[in-house]
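Written below as structure tokens is the structure these notes are about.
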Amino acid sequence: MENKNKLASAAKYAFVTAGVAATAFVLSGKLMYHLVLSRTGMNGPIGTKASENDKKKKMADEYIAKLEAILDTGSQWFDDTLKEKVTIPSYDGKNLHADLFRSEKDSDIYVICIHGYTSSPRKMGIYAQKFYEWGYNVLMPSLRGHADSEEEFISMGWKDRLDVIAWINYLVEFHPDCKIILHGVSMGAATTMMTCGEDLPENVKLAIEDCGYTNVWDILKHKMTQMKVPEFPFLYSANDVNKRKAKFSFKEASCTEQLKKCKVPMLFIHGEADNFVPYDMLQIVYDACDSDKDMLSVPDAPHARSVCAHPDLYWNKVREFIDKHI
């Protein structure tokens, strides 16, 4: 009888322990998911704080301030320049919004300028300004979970790749002979690479990715390591939450796998002082690409600041690549 009671107690203890562990696993995933990928979570402060701290370890405050001041000129240009608001439906019934700058030179070239994680079209103004000055039209989508576009959760480029295709089709519908350039920074760069793994209209002539990551799992793991958050259970559980909510896994959302199918010429750019998206990811995504390609490594440039650190180097390479393919 005593042995039976001991067995029953042990079984009860094991059952309770398993239940607590399972509950903790689920809760850790929900916490991680909402903190990092929710529009209403702490994704902005966490991302910004980590980026700021990393950059300050590498460079003097004066240098960072100089780069940010350059970036701010583009935001001011965005505010001051005439633009149109455009809305289209997504494949899953969301309303997608973009800002469209029409060239005064009646150009048939459109650049789709794609912003990064917790960013916005306005913060891509420095890129839009240059393309506009070159006489191109510029379409600047707000990715889902950002700015004006609908969706509560950020998909890190995976769902966004299909949204970019919708924007491509929108341009082609009204301008069948248009030539399209994709240009993305950070998560926008990942979106660009993911998009280029799909079947695209011949209108898409080339793509430029600036400091994109290899896949969603890798970049979240990197950020969690920086934040001293354990990969297990948080990342594993958050991945389960994402599979239920967004219907894809973090590893499935892979730039390297998409690039194996890429037919669009691709320019890869990365700042050598980037530790928000590790610099060594540049070579990995470059090697994965199976189309005509080129690479630019930018000295002393922190994350998403290559264009500010060495603007002439940046834009000369971009113009060279565009002239080669258009």
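The values are calculated or read from the model by the stated rules, or taken from the named source; none is laboratory data. Just so you know, these numbers come straight off a predicted model, no measurement behind them. Neighbour counts are summed over all protein chains in view; Cβ atoms, including those assigned to glycine, are modelled from backbone coordinates with ideal geometry. Calculation scope for accessible area: heavy atoms of the full protein, side chains included, ligands and nucleic acids excluded. Shrake-Rupley method; radii C 1.70, N 1.55, O 1.52, S 1.80 Å.
With +1 on each Lys and Arg Cβ and -1 on each Asp and Glu Cβ, and nothing else charged, work out how big the dipole of segment 168-235 is about its Cα centre, in Debye to the nearest 20.
For segment 168-235, the charge dipole is close to 400 debye.
Which far-off residues, 5 or more places away or on another chain, put their amide H under 5 Å from the one on Ser186, with H placed in the peptide plane?
It is Asp210, Cys211, Gly212, by chain and number.
Go through Phe250, Leu282, Cys211 and say which Cα lies farthest out towards the positive end of the charge dipole of segment 190-326; charges sit on Cβ, +1 for Lys and Arg, -1 for Asp and Glu.
Positive-most Cα among the choices belongs to Phe250.
Protein chains only, probe 1.4 Å: how do Ile322, Ile70 rank by accessible area, largest first?
Ile70, Ile322
At a 1.4 Å probe radius, carbon and sulfur cover how many percent of the accessible area of segment 132-219?
The value for segment 132-219 is 44 percent carbon and sulfur by accessible area.
Given H placed on each backbone N at 1.01 Å, which residues far from Asp274 in sequence or on other chains put an amide H within less than 5 Å of it?
Result for Asp274 returns Tyr279.
For segment 263-326, give the magnitude of the charge dipole about the Cα centre (Cβ charges: +1 Lys/Arg, -1 Asp/Glu; no others), in debye to the nearest 20.
Dipole about the Cα centre, nearest 20: 220 debye.
If you plug each phi of segment 165-180 into the Karplus form 6.51 cos²θ - 1.76 cosθ + 1.60 with θ = phi - 60°, what whole-Hz ³J(HN,Hα) values come out, in order, with x for Gly and Pro?
Those phi angles translate into 4, 4, 5, 4, 5, 4, 5, 5, 4, 8, 9, x, 9, 5, 10, 10 Hz.
Could you give the size of the charge dipole of segment 171-326 about its Cα centre, using +1 on the Cβ of each K and R and -1 on the Cβ of each D and E, expressed in debye and rounded to the nearest 20?
Value, rounded to 20: 580 debye.
Taking H placed 1.01 Å from N in the peptide plane, check which residues at least 5 places from Asn215 or on another chain put their amide H under 5 Å from its amide H.
For Asn215, the qualifying residues are Cys255.
Beta carbons within 10 angstrom, averaged per residue: use that to sort the peptides 129-140, 157-168, highest first.
So the order, starting with the most tightly packed, is 157-168, 129-140.
Per q in 0.10, 0.11 1/Å, what log10 I(q)/I(0) does a Debye calculation on the alpha-carbon atoms of segment 218-326 return?
-0.39, -0.47
Rank by packing, highest mean first: peptides 271-281, 93-103, with packing defined as the count of other Cβ atoms within 10 Å averaged across residues.
Ranked from most to least packed, the peptides come out as 271-281, 93-103.
Please sort 78-85, 195-202 by packing, taking for each peptide the average over its residues of neighbouring beta carbons within 10 angstrom, highest first.
The peptides rank, most packed first, as 195-202, 78-85.
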